[in-house]
1. For the range 188-203, how many residues are in contact with a Ser or Thr (Cβ under 7 Å, 6 or more places away or on another chain) and within 8 Å of ligand 2 (Cβ to nearest atom)?
2. Checking the conditions here, which among R238, R191 is outside the structural domain of L119 (by TED's automatic domain parsing) and within 12 Å of ligand 1 (Cβ to nearest atom)?
3. Which residues, counting only those in the range 253-275, are out of contact with any Lys or Arg (no Cβ under 9 Å at 6 or more places or on another chain), more than 12 Å from ligand 1 (Cβ to nearest atom) and touching a residue at least 24 places away in the same chain (Cβ under 8 Å)?
4. Quick one: is S477 more than 17 Å from L338 (Cβ to Cβ), open to solvent by 30 Å² or more (accessible area, probe 1.4 Å) and among the polar types (S, T, N, Q)?
5. Sort out which residues of the range 253-286 are farther than 14 Å from R192 by Cβ and among the β-branched types (V, I, T), and write them in order of number.
6. Sort out for me the strands (runs of 3 or more DSSP E) sitting completely within the range 166-259 that have 1 or more residues that are at pLDDT below 95, in contact with a strand residue (DSSP E or B) (Cβ under 7 Å, 6 or more places away or on another chain) and surrounded by fewer than 17 Cβ atoms within 10 Å (Cβ to Cβ).
7. Would it be correct to say that V286 is closer than 18 Å to V181 by Cα, touching a strand residue (DSSP E or B) at 6+ places or on another chain (Cβ under 7 Å) and more than 12 Å from ligand 1 (Cβ to nearest atom)?
8. Residues D337, D357, D341, D350: which one is acidic (D, E) and at pLDDT below 95?
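The values are calculated or read from the model by the stated rules, or taken from the named source; none is laboratory data. It should be emphasised that the depicted structure is a prediction, and the values quoted were computed from it without experimental measurement. Cβ placement follows ideal geometry from the backbone for every residue including glycine, while neighbour counts extend to all protein chains displayed. The protein model used for the area step is the full one, side chains on, heavy atoms only, and it has no ligands, DNA or RNA in it. Shrake-Rupley method; radii C 1.70, N 1.55, O 1.52, S 1.80 Å.
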Amino acid sequence: MPVHNADIAAVFSEIADLLEIQGANAFRVRAYRNAARAVNGYGRDLASLIGRGEAVPKLPGIGADLGAKLEEIARTGHSAFLDHLHKDWPAAVTTLLEIPGLGPKRVKILYDNLHVHSLEELDAAVRGGRLRSLPGFGPRTEENIRQAVAAHWTKARRFRLAVARPYAEALVAYLQRLPGVRQVVVAGSFRRRQETVGDLDIVVAAKPGPFVTGRFAAYDEVSEVLSSGTTRASVRLRCGLQVDLRVVAEESLGAALHYFTGAKAHSIALRRLAQAQGLKINEYGVFRGRRRIAGATEESVYAAVGLPYIPPELRENRGEIEAARAGTLPVLVERRDLRGDLHSHTTQSDGRGSLEDMARAAQTQGLRYLAITDHSPHLSVAHGLDPLRLAQQGVAIDAWNAAHPEITLLKGIEVDILEDGGLDLPDTALQPLDVVVGAVHSHFHLSRAQQTERILRALDHPYLTLLAHPTGRLIGSREAYDVDMARIIRKARACGCHLELNAQPERLDLADIHCQMARAEGVLVSINSDAHAGTDFGFLEYGTDQARRGWLERGHVLNTRGLAELRPLLRRDRDLS
Ligand code: DGT
Ligand code: CA
Ligand code: CA
């Protein structure tokens with residue numbers, strides 16, 4: 001069975017989780033977490049590479065020991081070390097970590113005292129009131145966990161776009177090789193580039209008949225066939241992801257794609273528009289009476305109702321049909337419009353590439369400038385930079401820039417926004433920098449009023465250029481903190497500050513609706529990779545997808561500017577002296 005990079009990364013993550021629950025050395029745990037990230041971010045399929053006998057590529061943070069484990073997993077899909085850990089710790093233990101409020105220490109206490117090692121057992125223990133007596137728990141914690149477990153049960157499992165993508169691509173490649181298959185497109189929320197997908201919806205243009213659905217059901221990674229007929233089938237993959245397949249005639253591909261791309265609300269609105277013109281749209285085409293007047297392409301479907309093509313990212317019935325009718329659809333930003341990146345890390349803090357590594361990788365990705373923004377001292381786990389180390393990094397950046405006109409490094413910092421809204425470095429350290437990215441990394445649970453005040457106060461700081469990952473959410477594991485985004489966005493405009501759209505697949509923070517709010521208020525958004533390794537610049541694609549869902553055009557995005565145009569937009573202190 002093929003092993004994807006995501007599978008290898010999942011093994012490393014699970015090892016890290018289990019080691020952490022055991023209370024292993026923090027550096028050892030971090031090494032496995034970093035390895036998982038490096039593998040996830042690597043652009044080529046490691047298993048096929050290794051299968052062809054090529055040397056295991058040098059990935060940041062992966063030395064001889066982890067490299068050998070990587071090769072083992074890539075070849076066999078298993079890790080002897082993980083199997084060894086499972087002797088003492090059942091696999092389901094790590095799923096307990098998905099419950100907010102349960103960290104490794106508490107999971108260990110639960111396991112040691114109550115032998116709770118799955119969500120079902122946790123549920124039973126909570127119902128039985130057995131948690132409150134445990135060291136460090138208490139009735140309030142028990143109640144919080146009870147609510148978190150209930151929320152977990154009701155929330156059907158969704159996959160982050162970046163997690164679903166390798167599965168989608170491998171399956172598309174498999175289907176495309178089948179004889180008689182003309183075209184394969186992943187539709188649904190995946191095509192709309194939603195940040196998470198509930199399942200994959202694949203539309204195949206092929207000769208009708210049971211051949212394609214049969215081959216689909218026989219795909220290696222299928223663990224369960226939910227249904228299979230001549231034109232449709234549904235399966236579940238080993239990773240838990242469900243995939244729905246539709247086989248359509250080539251002449252209906254556009255109509256079918258439109259139907260299965262959705263979103264449902266968009267399709268319904270378009271059907272209404274068609275009805276008003278005496279037309280009928282369904283998954284086979286656009287019809288006037290019995291006559292089919294369009295359907296081979298999506299363009300033809302829209303044209304039949306008098307509209308220009310609407311990009312999938314906009315199809316949420318949030319005003320796109322009205323905009324299309326009025327001829328005011330946005331010309332959405334594209335990845336190739338990005339000229340630079342304003343948030344990245346090096347080995348000076350918690351990055352895994354040197355200054356030179358990061359600069360070269362950014363250049364390879366077509367960027368002309370890169371802000372180096374390591375952490376500030378408050379984030380001690382990340383070995384944040386004090387003023388002296390920051391100044392030394394500035395010297396190294398000057399040296400790089402003097403020798404490398406092809407890509408310009410900007411001096412920056414990702415400075416912690418403290419609980420009171422102050423910044424974690426003195427003005428004297430911030431003043432010489434090109435970019436000051438302010439970030440909340442602590443006190444996520446302040447009240448909405450306090451959290452909002454805290455950030456507004458930070459935005460008032462004359463050296464702050466950019467508010468990083470503005471809501472702090474981690475998709476699927478940490479809710480956004482409670483803030484008044486409308487006020488923050490208005491404040492940002494008032495003080496000439498910009499907002500980041502952090503492109504890390506688990507952040508994608510700003511959310512699409514906040515991008516729209518920023519656009520409406522005239523606040524520029526910077527699509528930043530927050531790269532911790534050279535391979536992370538690939539995240540910019542996900543950030544761009546999110547920006548497109550937020551209706552952003554090139555002009556709304558700060559880092560589509562060339563350096564000369566950018567520099568004055570980064571300085572806020574010029575008129576203050
Ligand atoms: P997901 O899977 O929850 O991330 O979201 P979607 O949008 O991929 O939804 P899904 O998989 O249930 O359906 C895929 C597309 O198929 C959906 O976007 C629109 C279309 N579709 C599904 N059910 C209906 C329906 O009852 N009416 C219409 N017009 N379209 C539907
Ligand atoms: Ca879907
Ligand atoms: Ca579906």
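1. Matching residues across the range 188-203 total 3.
2. R191
3. Matches in the range 253-275: G254 only.
4. Spelling it out, S477 is indeed more than 17 Å from L338 (Cβ to Cβ), open to solvent by 30 Å² or more (accessible area, probe 1.4 Å) and among the polar types (S, T, N, Q).
5. I268, I281, V286
6. In the range 166-259, 222-228, 232-237 are the strands (runs of 3 or more DSSP E) which contain 1 or more residues that are at pLDDT below 95, in contact with a strand residue (DSSP E or B) (Cβ under 7 Å, 6 or more places away or on another chain) and surrounded by fewer than 17 Cβ atoms within 10 Å (Cβ to Cβ).
7. So V286 does not fit the description; no.
8. Exactly one residue qualifies, and that residue is D350.
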